[in-house]
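Engineer: To start, I am sharing the structure in question, which I have written as structure tokens.
The values are calculated or read from the model by the stated rules, or taken from the named source; none is laboratory data. Predicted, not measured: the structure shown is a model, and the values here were computed from it. Virtual Cβ from ideal backbone geometry, glycine too; neighbours counted across all protein chains shown. To get the accessible areas, we keep the full protein, side chains included, count just its heavy atoms, and leave off ligands, DNA and RNA. Shrake-Rupley method; radii C 1.70, N 1.55, O 1.52, S 1.80 Å.
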Number of protein chains: 2
Amino acid sequence: MIATLNLAAPRPRPATLHPRMSIAASSAQDLITFIRDSIPLAHSMDLRLHSHDEEHLAVLAPLPPNINDKGCAFGGSLVSLMTLSGWGLVELELRRRGFDCDVFVAESNVHYLAPVWEDFLSEARLAHGASWEAFFHTLRTRGRARIEVACRVPGEQPDKPAATLSARFVAKRRD
Amino acid sequence: MIATLNLAAPRPRPATLHPRMSIAASSAQDLITFIRDSIPLAHSMDLRLHSHDEEHLAVLAPLPPNINDKGCAFGGSLVSLMTLSGWGLVELELRRRGFDCDVFVAESNVHYLAPVWEDFLSEARLAHGASWEAFFHTLRTRGRARIEVACRVPGEQPDKPAATLSARFVAKRRD
């Protein structure tokens, strides 16, 4: 009954019709469009696709609609963007493999490490130790599985993120 | 240099001019107005004051601008509202005691426990074991202090919240 970030997944395209990367790129833009159209706050944030491949999803948000009174990024925008990037990473991999699931965030740990003074992005990848294979094995056998995702908003220095989010996402098969 | 939820604190009113509760109630509404005016996303969420006293701050958000594609509350709205309620609790107590500080969220742990199908509120209180006295003692001696705050979005059943957030806020004196 947990359903805070559920988004309807359209039917995945048959994998035989397109090269894998084309499907991924197309689905990522489709997903961002869907999110913007169905979640008013994502539209208010002006959420956009930055980049996507099988290992990461990066989404970005311009600063002006996400600003706070100090002129830097509002914490709520940072955590929302990170959560959406993680959710999207899981959703896209499910689509790519032909699964029709509800995906929702169950828990997250957030660190705010430095102020963000310009447009910002969040990059999501599987957390260290997390595995798509284990996730899909459980999903196939139990109809439900969870996976840990690590998201970060890059900071001004390459190795020092401005914010991080570690989240557990849960997928439940609908089919 | 951490400043994701910094909000400028107007000069606190002299405590001798008004009864304590009047100051608190007035400041809480002033703060919500300030947040709505200076953080576009809080305005998009249609953030409102629910109630406030010396032990809690509750803010609410109507569902329509905070909805997801399923018709329940977007996770980003839930975590943003909880974070703002916690930030506001600390900010208001600082104002009430005449401190001029920057307050920012440094870390949070979020649990999404049940979907929210209607307008929702977040109630913030000090976390178990946290103490204003210890916080203000440290702030007076070091010019900087941190405090743990517990926020919750009530669920349909009285003792089962729909979401919880445990956050560490940091205050730094500006004066």
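Engineer: Check off (1) under 12 Å from the mean Cα position of the chain (by Cα); (2) open to solvent by 60 Å² or more (accessible area, probe 1.4 Å); (3) at pLDDT below 95 for A:Arg48 and give me the number that stays unchecked.
Structural biologist: Result: A:Arg48 fails condition (3) only.
Engineer: Hey, another quick one. Among the residues of region B:61-97, which ones are facing another protein chain (nearest Cβ under 7 Å), open to solvent by 10 Å² or more (accessible area, probe 1.4 Å) and in contact (Cβ under 8 Å) with a residue 40 or more places away in the chain?
Structural biologist: Listed by number, the list holds a single entry, B:Lys70.
Engineer: Go through region B:135-174 and count every residue that is in a loop (DSSP other than H, G, I, E, B) and surrounded by 13 or more Cβ atoms within 10 Å (Cβ to Cβ).
Structural biologist: 5
Engineer: With respect to B:Val110, is the statement that it is part of a loop (DSSP other than H, G, I, E, B), of a type in the set (A, V, I, L, M, F, W, C), within 11 Å of another protein chain (Cβ to nearest Cβ) and surrounded by 19 or more Cβ atoms within 10 Å (Cβ to Cβ) true?
Structural biologist: No.
Engineer: What are the pairs with Cβ atoms under 6 angstrom where one residue, in region A:151-171, is among the hydroxyl-bearing types (Ser, Thr, Tyr) and the other, located anywhere, is modelled with pLDDT of 95 or more and buried (at least 17 other Cβ atoms within 10 Å of the Cβ)? Sequence gap at least six, or different chains.
Structural biologist: A:Thr164/A:His111; A:Thr164/A:Arg152; A:Ser166/A:Ala150
Engineer: Further question on the same structure: For region B:123-133, indicate whether the set of residues that are open to solvent by 60 Å² or more (accessible area, probe 1.4 Å) and on the phi > 0 side of the Ramachandran plot is non-empty.
Structural biologist: yes
Engineer: Give the residues of region B:30-55 that are in contact with a helix residue (DSSP H, G or I) (Cβ under 7 Å, 6 or more places away or on another chain) and touching a residue at least 24 places away in the same chain (Cβ under 8 Å), sorted by residue number.
Structural biologist: Matches in region B:30-55: B:Leu31, B:Ile35, B:Leu41, B:Ala42, B:Met45, B:Leu47, B:His52, B:Asp53, B:Glu54.
Engineer: Among the residues that make up region B:164-174, is at least one of them touching a helix residue (DSSP H, G or I) at 6+ places or on another chain (Cβ under 9 Å) and closer than 30 Å to A:Asp37 by Cα?
Structural biologist: For region B:164-174, residues touching a helix residue (DSSP H, G or I) at 6+ places or on another chain (Cβ under 9 Å) and closer than 30 Å to A:Asp37 by Cα: present.
Engineer: Pairs, please: C-beta under 7 Å, at least 6 apart or cross-chain, first residue of a type in the set (Ser, Thr, Tyr) and in region B:106-133, second part of a loop (DSSP other than H, G, I, E, B)?
Structural biologist: Partner pairs satisfying both residue conditions: B:Tyr112/A:Ile2; B:Tyr112/A:Thr4.
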